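Peer 1: Below is one structure. I have some questions about it.
The values are calculated or read from the model by the stated rules, or taken from the named source; none is laboratory data. This one's a predicted model, so the numbers in the text were calculated from it and none came from an experiment. Cβ atoms come from the backbone with ideal geometry, glycine included; neighbour counts cover every protein chain shown.
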């Protein structure tokens with residue numbers, strides 16, 4: 001379906017392709033910026049191979065030293081020397097000669113497959129890897145690289161079994177999850193692909209590439225669902241809400257507010273719209289405007305944790321502690337993972353004079369978010385009031401460090 005455009009005169013004209021809106025927006029929602037450059041996937045196996053070849057190389061080297069001297073073992077010695085010299089064709093030739101006399105050597109079959117993979121000879125790598133795996137079903141490098149070879153050859157359906165086998169042998173293997181996820185994505189099984197790719201640790205050798213592929217899959221899925229939504233209700237509140245959320249990411253807050261208002265005009269009972277507008281005002285320190293929006297959100301969604309939290313904080317700022325406490329206590333019950341709520345409850349109990357309760361909440365808040373300067377300022381106040389001057393000075397120093405405009409991350 002051709003991409004449709006939406007033009008509105010909101011504090012200045014703008015014209016935005018709806019598909020582009022969703023692509024950019026979804027990338028942000030999952031914590032990734034759109035990448036300015038693509039990554040050469042052909043380099044990825046080298047990362048995986050580093051650890052794998054170290055393992056298989058050590059096993060191979062140890063054995064060849066023990067049995068060196070026979071003609072067959074001489075081929076292994078020459079293969080090792082060729083690998084050290086990065087002469088992969090010669091290494092492969094030596095392994096082939098050795099396997100003529102020892103065709104059922106699982107480790108050397110695996111080694112030949114790995115060398116052929118590095119030479120981009122994927123078709124040649126498949127038979128020795130298959131044979132190695134047949135001889136020893138616990139050779140996870142053989143299973144992994146067999147699946148990778150089949151992926152490279154475009155045989156995606158066939159690649160699934162060996163990649164799954166590599167994960168059965170070595171659960172949690174990052175490269176196994178990455179290549180299985182890539183294979184499922186190639187088969188347009190996006191939901192399954194995402195499940196596998198999410199298991200790849202961010203700090204693994206393939207973590208960055210997995211994140212990149214996740215962004216692409218999220219974008220494609222989002223666009224698919226968005227087009228379905230647009231087709232069913234092109235002028236619905238949800239469509240305008242998505243456009244507004246993208247505008248927030250682009251720091252076009254006035255236009256975002258206007259688009260949110262359009263969404264409300266289409267569907268007045270939409271949840272989270274008034275809260276989103278309130279967040280814009282709150283971040284801009286327009287607290288009275290924010291209060292009105294949060295109050296309106298509670299008419300639609302009485303159990304909104306954020307709206308209750310912000311209203312409570314508003315009344316704390318205004319000095320009405322008990323009125324603020326009502327909202328903050330509810331927010332804390334609704335969502336136990338709100339560090340701000342624990343901090344504010346500590347503040348409330350500090351004002352009420354119950355220092356033990358106040359200290360408990362503030363310490364919890366400091367553990368949950370140690371970089372919040374206000375928590376440390378409140379702790380410093382509490383320690384001063386309870387005659388613990390050493391702790392008070394420590395917390396005051398932390399507050400000043402965290403609140404400093406020249407603070408370095």
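Peer 1: Working carefully through the options 76, 153, 129, find the one that is under 35 Å from the mean Cα position of the chain (by Cα) and modelled with pLDDT under 95. If you could, list the steps in order and put the result at the bottom.
Peer 2: Working: 76 fails: under 35 Å from the mean Cα position of the chain (by Cα); 129 fails: modelled with pLDDT under 95.
Just a single option satisfies the conditions, and that option is 153.
Peer 1: Out of (1) touching a strand residue (DSSP E or B) at 6+ places or on another chain (Cβ under 9 Å); (2) closer than 30 Å to residue 177 by Cα, the odd one out for residue 209 is which?
Peer 2: Here residue 209 meets the rest and fails (1).
Here is a yes/no grid of residues against (1) modelled with pLDDT of 95 or more; (2) within 30 Å of the chain's Cα centre (by Cα):
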| residue | (1), (2) |
| --- | --- |
| 280 | yes, yes |
| 286 | yes, no |
| 298 | yes, no |
| 308 | yes, yes |
| 312 | yes, no |
| 315 | yes, no |
| 324 | yes, no |
| 365 | no, yes |
| 380 | yes, no |
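Peer 1: Working only within the stretch 79-89, note down all residues that are surrounded by 16 or more Cβ atoms within 10 Å (Cβ to Cβ) and more than 39 Å from the chain's Cα centre (by Cα).
Peer 2: Just the residues of the stretch 79-89 that are surrounded by 16 or more Cβ atoms within 10 Å (Cβ to Cβ), to begin with: 79-80, 82-83, 88.
Result: 79, 80, 82.
Peer 1: Which of the residues belonging to the stretch 256-278 are within 15 Å of residue 300 (Cβ to Cβ) and buried (at least 17 other Cβ atoms within 10 Å of the Cβ)?
Peer 2: Initial filter on the stretch 256-278 (within 15 Å of residue 300 (Cβ to Cβ)): 260-261, 263-278.
Within the stretch 256-278, 260, 263, 264, 270, 272, 273, 274, 275, 276, 277, 278 meet the criteria.
Peer 1: I would also like to ask the following. Go over the candidates 222, 202 one by one and state the one that is assigned to a loop (DSSP other than H, G, I, E, B) and at pLDDT below 95. Steps first, answer last, please.
Peer 2: Working: 222 fails: assigned to a loop (DSSP other than H, G, I, E, B).
After applying the criteria, what remains is 202.
Peer 1: Here is a further query. Of everything in the stretch 245-273, what is in a loop (DSSP other than H, G, I, E, B) and either in contact with a strand residue (DSSP E or B) (Cβ under 7 Å, 6 or more places away or on another chain) or farther than 23 Å from residue 309 by Cα (or both)? Give them in sequence order. Outline the logic, then answer.
Peer 2: Initially, the stretch 245-273 is screened for residues in a loop (DSSP other than H, G, I, E, B), giving 250-252, 267-272.
Result: 250, 251, 252, 267.
Peer 1: Right, something else. Wholly within the stretch 285-362, which helices (runs of 4 or more DSSP H) include no fewer than the required count, namely at least 3 residues that are touching a helix residue (DSSP H, G or I) at 6+ places or on another chain (Cβ under 6 Å) and farther than 15 Å from residue 374 by Cβ? Quick ask: steps written out before the conclusion?
Peer 2: Working: elements: 287-300, 305-317, 321-334, 339-352.
Output list reads 287-300, 305-317, 321-334.
Peer 1: Might you check whether a residue that is on the phi < 0 side of the Ramachandran plot and either touching a strand residue (DSSP E or B) at 6+ places or on another chain (Cβ under 6 Å) or in contact (Cβ under 8 Å) with a residue 40 or more places away in the chain (or both) occurs anywhere in the stretch 148-161?
Peer 2: Here is the first cut: in the stretch 148-161, the ones on the phi < 0 side of the Ramachandran plot are 148-153, 155-161.
Narrowing the set further to residues that are either touching a strand residue (DSSP E or B) at 6+ places or on another chain (Cβ under 6 Å) or in contact (Cβ under 8 Å) with a residue 40 or more places away in the chain (or both) leaves 148.
Yes, some residue in the stretch 148-161 is on the phi < 0 side of the Ramachandran plot and either touching a strand residue (DSSP E or B) at 6+ places or on another chain (Cβ under 6 Å) or in contact (Cβ under 8 Å) with a residue 40 or more places away in the chain (or both).
Peer 1: What residue, of 288, 297, is surrounded by 16 or more Cβ atoms within 10 Å (Cβ to Cβ) and closer than 29 Å to residue 344 by Cα?
Peer 2: Numbers: 288 fails: surrounded by 16 or more Cβ atoms within 10 Å (Cβ to Cβ).
That would be 297, the only listed residue that is surrounded by 16 or more Cβ atoms within 10 Å (Cβ to Cβ) and closer than 29 Å to residue 344 by Cα.
Peer 1: Just to be sure I understand, how many residues within the stretch 376-394 are surrounded by fewer than 18 Cβ atoms within 10 Å (Cβ to Cβ) and closer than 14 Å to residue 366 by Cβ?
Peer 2: Keep residues of the stretch 376-394 that are surrounded by fewer than 18 Cβ atoms within 10 Å (Cβ to Cβ), which gives 384-391, 393-394.
Then keep just the ones that are closer than 14 Å to residue 366 by Cβ; that gives 391, 394.
Count: 2.
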